[in-house]
1. With the crude spin-label approximation of a point 7 Å out along Cα→Cβ, what separation in nm comes out for Ala125 versus Thr254?
2. How big is the antiparallel share of DSSP beta bridges in the chain, given as a percent to the nearest 5?
3. Using label points projected 7 Å from each Cα along Cα→Cβ, tell me how many nm separate Lys146 and Cys233, to one decimal.
4. Of the residues Ile280, Ile98, Ile41, which exhibits the maximal mean-square fluctuation in a Gaussian network model of the chain defined by a 10 Å Cα contact cut-off?
5. Between Asn30 and Asp193, what length in nm is gained on full extension when 0.36 nm per residue of separation is reduced by their alpha carbon distance?
6. Got the relative contact order for region 119-181 handy, in percent, Cα pairs under 8 Å and 6 or more residues apart?
7. Taking a label point 7 Å from the Cα of Gln104 along the Cα→Cβ vector, which residues of region 77-97 have an amide N closer than 15 Å to it?
8. What is the extension gain from Asp94 to Glu273, computed as 0.36 nm multiplied by their sequence separation minus the C-alpha to C-alpha distance, in nm to one decimal?
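Laboratory data are not the source of any read-out in this text; all were calculated from the coordinates shown. Note that the coordinates shown come from a computational prediction; the quantities given were computed from them, not determined experimentally. Cβ: placed from backbone, ideal geometry, glycine included. Neighbour counts: every protein chain shown.
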Amino acid sequence: MPDATRSTETSGAVQTEVGSLSFEFFPAKNEVGDAKLWYAIHRLKNLQPGFVSLTYGAGGSTREHTFENCKRVLAETDLKPAAHLTCVGASREDINAIAKDYWQAGIRHIVALRGDLPESMGGVAGHYEPHPEGYAYSPDLVAGLKDIADFEISVAAYPETHPQAGSSQADIDVLKQKFEAGADRALTQFFFDPELFLRFRDRCAAAGIDKPIVPGIMPVINFKSVARFASACGTTMPAWMKGLYDGLGDDETTRKMIGAALVVEMCRRLKEEAVDGFHIYTMNQPEMTIAICRTLGLRHDAGVA
Ligand SMILES: Cc1cc2nc3c(=O)[nH]c(=O)nc-3n(C[C@H](O)[C@H](O)[C@H](O)COP(=O)(O)OP(=O)(O)OC[C@H]3O[C@@H](n4cnc5c(N)ncnc54)[C@H](O)[C@@H]3O)c2cc1C
């Protein structure tokens, strides 16, 4: 686990113990988006997360951007970048070349994934077929990366089971294979019922998994777009949540306040059950993540974010 800290008191603010804190960003498609991304990274770096991860667009569509942004994180900040890398639609040769480039550039942490299906493969409704010369599933990718270099590796886990899994037990068996292949931690798909995560964590422990399962935390700003995304990835949106956002239209300030309050409540429940790490999907918007981390005492310093 990166950067474990102890309870400390800094400038009057009591810091709670934080096992790991990490932030996820997505590479931008244009200059305006790029400026937003970098504004977010620079503001959030003061919270000193253990790492920041940069996603990889479906089917490798952000290949260059993910790489360039990871290099920029190394060059311009003290943060440790983690590059998402997916094997869908790519040959082993291609993936291995990318991984070698990362290692040579000093990027030591990969979030290793099968990947979402690009539109050319049918998108969310598509049927996954491994590339004939590729890594078929993420446990194979993890093993391949470990053969290339001693990367730190995070993988994905699904508290509500991956939509294409044969069963929830089969999905946990796959997760176990990812750890056996060399993964260091799992970052979960987002969820809104903390009990779902806690039960999943119990099932992982019962399967003999003893590596960290870090909850993926999604602060909801736009209910409709998160609901769309949730239905594609098998996350349940509790019916009561919709009512909280109903009628708020373009009142983004209030929507953000609600989103932050919900996440704080959920994380408090997780902390009661000794969950000591969080992976926050920042959506490249720093304010909610800052508010959430400050409220929960998830700050490694008293720096002004
Ligand atoms: C934290 C996080 C970050 C993500 N970042 C990205 C990103 O940057 N880019 C992107 O495109 N997507 C990303 N995703 C989405 C992810 O790529 C999709 O959920 C994808 O559908 C599955 O990827 P995986 O690595 O979990 O796949 P896998 O672990 O390979 O599993 C995929 C499915 O195949 C099944 N399976 C695995 N092995 C076998 C086997 N041997 N035989 C039969 N079935 C098997 C599993 O049970 C599961 O149903 C992310 C997801 C998470 C949780």
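1. The two pseudo-label positions are separated by 3.6 nm.
2. Numbers: 3 of 33 bridges.
Antiparallel: roughly 10 percent of the beta bridges in the chain.
3. Reported label-point gap for Lys146 and Cys233 is 2.5 nm.
4. Residue with maximal mean-square fluctuation among Ile280, Ile98, Ile41: Ile98.
5. Numbers: separation 163, 0.36 × 163 = 58.68 nm, distance 3.49 nm.
Length gained between Asn30 and Asp193: 55.2 nm.
6. Values: 32 pairs, mean separation 21.5, N = 63.
Computed value for region 119-181: 34 percent relative contact order.
7. Within reach of a label on Gln104: 94-97.
8. Numbers: separation 179, 0.36 × 179 = 64.44 nm, distance 4.21 nm.
This chain segment gains 60.2 nm when fully extended.
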